[in-house]
Amino acid sequence: MGSRGRMLGQTHWSMPDQYDCVDIKNGIKVLKSAENPTHPSLPAVSHTKGTKYISLDKNSNFYQLRIYDYAGHPVVDIDYGVHTPFGHNKTLHVHKWKGSKIHGENTHLYTRKDHKKYGKYLKGLIKDEWIN
């Protein structure tokens with residue numbers, strides 16, 4: 001898999017980023033960038049339709065869950081990090097994607113309602129006190 005999920009034939013000038021599966025949590029692959037292993041990024045596109053990927057930070061703590069649709073585009077990110085609309089401390093929050101961009105109006109703190117929907121993917125990865 002290449003940069004942002006592209007295959008090598010789809011790139012023009014540079015070699016794509018590579019991602020390695022380093023673990024599986026709750027049936028979901030935990031990916032790490034082979035080129036920049038200290039930065040917990042995930043591919044912007046997945047060639048495995050309707051999949052999910054997880055990234056962990058350098059201390060192996062939860063950083064992000066990205067859920068893709070059946071066209072391979074991201075639809076939801078659940079992140080644990082600083083997001084300025086919610087203050088200067090780390091929060092568990094949800095970003096909804098619209099097309100190839102995160103849709104700003106649909107960013108909110110992760111709630112119990114979200115946990116009912118996504119909690120099965122995050123079991124053992126997040127702390128109860130992170131949920132609003």
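Inside region 60-83, can you point out the residues that are over 14 Å from Val22 (Cβ atoms) and out of contact with any strand residue (DSSP E or B) (no Cβ under 8 Å at 6 or more places or on another chain)?
Tyr70, Ala71, Gly72
Of the residues Val22, Val76, which single one is modelled with pLDDT of 90 or more, more than 25 Å from Asn132 (Cα to Cα) and of a type in the set (A, V, I, L, M)?
Answer to the selection: Val22.
Among the numbered criteria (1) closer than 23 Å to Gln18 by Cβ; (2) of a type in the set (S, T, N, Q); (3) surrounded by fewer than 17 Cβ atoms within 10 Å (Cβ to Cβ); (4) touching a Ser or Thr at 6+ places or on another chain (Cβ under 8 Å), which single criterion is violated by Asn132?
With respect to (1) closer than 23 Å to Gln18 by Cβ; (2) of a type in the set (S, T, N, Q); (3) surrounded by fewer than 17 Cβ atoms within 10 Å (Cβ to Cβ); (4) touching a Ser or Thr at 6+ places or on another chain (Cβ under 8 Å), Asn132 is out only on (1).
Kindly check whether there is at least one residue in region 24-47 that is part of a loop (DSSP other than H, G, I, E, B), among the hydrophobic types (A, V, I, L, M, F, W, C) and touching a helix residue (DSSP H, G or I) at 6+ places or on another chain (Cβ under 7 Å).
Yes, there is a match, as at least one residue in region 24-47 is part of a loop (DSSP other than H, G, I, E, B), among the hydrophobic types (A, V, I, L, M, F, W, C) and touching a helix residue (DSSP H, G or I) at 6+ places or on another chain (Cβ under 7 Å).
Return yes when Tyr63 is surrounded by fewer than 12 Cβ atoms within 10 Å (Cβ to Cβ) and under 18 Å from Thr51 (Cβ atoms) and no when it is not. Write out each step before concluding.
Numbers: surrounded by fewer than 12 Cβ atoms within 10 Å (Cβ to Cβ): no; under 18 Å from Thr51 (Cβ atoms): yes.
Criteria not met by Tyr63.
How many residues, within region 98-113, are modelled with pLDDT of 95 or more and within 15 Å of the chain's Cα centre (by Cα)?
Result for region 98-113: 1.
Looking at Gly72, Gly119, which one is touching a residue at least 12 places away in the same chain (Cβ under 8 Å) and either surrounded by fewer than 17 Cβ atoms within 10 Å (Cβ to Cβ) or charged (D, E, K, R) (or both)? Steps first, answer last, please.
Details: Gly119 fails: touching a residue at least 12 places away in the same chain (Cβ under 8 Å).
None of the other options fit; the residue is Gly72.
The values are calculated or read from the model by the stated rules, or taken from the named source; none is laboratory data. Here the structure is a predicted model, which means the values were calculated and not measured. All Cβ positions, glycine included, derive from the backbone under ideal geometry; neighbour counts span all protein chains shown.
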